[in-house]
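Input: a single structure, listed below in structure tokens.
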Amino acid sequence: GFGVPPAQATTAQLINLTGGVVLVSLLMALTLIDLDHLWLPEPLCRAGVVSGWITVTWMAASSTPFAADRLLAHLLAACAGLLVLEGISNLAERALGQPALGLGDAKLAAMGGAWLGPLGLAASMMLAVLGGAVIGSLARLSGRLGPREPFPFGPFIAAGIWLVWLKGAPWWWQLWLAVMGQTS
């Protein structure tokens, strides 16, 4: 990259590649399990949070100067993802009289926060909600999804996390602003 010695650029690329392989492996397993069983296993989500922090720590340690603020941001994003989705789940269950989100979705959001930080988590959740709303509405309109029938949301969270990992949160926010007719 510009102004980065070749050895550092290679280290950053290695970290991104290694992290990406770990991330996509976990997201793929979680997606397939949720599609088959409407369940996101806590041990896999926990492994995702830990591997996200390890990757972010590795990235922070390889930067000059050490990016301690990045570690804190990702820690707070993981906590926020968990707490916000658990809160939404509880509110929705009270309002609807039945579970609307599983607690596995909250744990998957925590994983997203660990990997992506606050802006990345927000972008990935925006993509998840948008994707889930479109597919859920189409499934409902076509009759493939009945009223109050459970619908796995984990695959949409996983897709959002992966898309933000690939392009970065700023890219998605710029796209959102362009779609909304805003200029930067």
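The values are calculated or read from the model by the stated rules, or taken from the named source; none is laboratory data. It should be emphasised that the depicted structure is a prediction, and the values quoted were computed from it without experimental measurement. Because the Cβ atoms are built from the backbone with ideal geometry, glycine has one as well, and the counts that use them run over all protein chains shown. Note: accessible area is taken over every heavy atom of the protein model, side chains too, but ligands, DNA and RNA are not part of it. Shrake-Rupley method; radii C 1.70, N 1.55, O 1.52, S 1.80 Å.
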So the carbon and sulfur contribution to the accessible area of region 5-157, 1.4 Å probe, in percent, is 71
The size of the Cβ-based charge dipole (Lys, Arg +1; Asp, Glu -1) of region 54-184 about the Cα centre, to the nearest 20 debye, is 220
Here the convex hull volume per residue of region 75-151, taken over Cα atoms and given in Å³, is 79
What the 10 Å binned alpha carbon P(r) of region 1-96 shows, as percent of pairs per bin from 0, is 14, 34, 31, 15, 6, 1
Taking the reciprocal of mean 1/r across every pair of different Cα atoms in region 7-60, the Kirkwood radius in Å is 12.0
Diffing region 85-98: the Karplus 3J(HN,Hα) column from phi (6.51, -1.76, 1.60, θ = phi - 60°), in whole Hz with x for Gly and Pro, holds 5, 5, x, 4, 4, 5, 5, 5, 5, 5, 6, 9, x, 7
Surrounding charge for Leu108, neighbours by C-beta under 13 angstrom, Lys/Arg +1, Asp/Glu -1, total -2
With x for Gly and Pro, the residue-by-residue ³J(HN,Hα) of region 54-62, computed from phi through the Karplus equation 6.51 cos²θ - 1.76 cosθ + 1.60 at θ = phi - 60° and given in whole Hz, is 4, 5, 5, 5, 4, 5, 5, 5, 8
Cα gyration tensor of region 127-184 diagonalised, 5x eigenvalues square-rooted, in angstrom largest first, produces semi-axes 28, 15, 6
Sorted list, accessible surface of protein heavy atoms, 1.4 Å probe, largest first, for Phe153, Phe66 is Phe66, Phe153
Shape call for region 39-92, from the Cα gyration tensor axes a ≥ b ≥ c (a/c under 1.5 means rounded, otherwise prolate when a/b beats b/c, else oblate), comes out oblate
Sites removed, the longest contiguous part of the chain containing no DSSP-loop trypsin sites (Lys or Arg not before Pro) with at most 12 other Cβ within 10 Å is 1-143
Applied in sequence order to region 111-124, the curve 6.51 cos²θ - 1.76 cosθ + 1.60 (Karplus, θ = phi - 60°) yields integer Hz couplings, x standing for Gly and Pro, of 4, x, x, 5, 7, 10, x, x, 5, x, 5, 4, 5, 5
Under a 1.4 Å probe, counting only protein heavy atoms, Met126 has an accessible area in Å², nearest 10, of 40
Probe 1.4 Å, all chains present, heavy atoms only: Trp165 accessible area in Å², nearest 10, is 60
Result for the chain: accessible area per residue, probe 1.4 angstrom, in square angstrom, of 57
Taking alpha-carbon centroids only, region 134-167 lies from region 22-91 a number of Å equal to 20
Cα-only Rg/Rh for the chain with Kirkwood Rh rounds to 1.01
Counting only residues 5 or more apart in sequence or on a different chain, those whose built amide H sits under 5 Å from that of Trp39 are Asp34
Expressed in nanometres to one decimal, the distance between label points 7 Å along Cα→Cβ at Leu177 and Ser142 is 3.6
Under a 1.4 Å probe, counting only protein heavy atoms, Ile54 has an accessible area in Å², nearest 10, of 100
Asserting the computed 222 nm helical MRE of the chain (DSSP H runs at least 4 long, -39500 (n - 2.57) per run, divided by residue count, to nearest 500) equals -28000 deg cm²/dmol
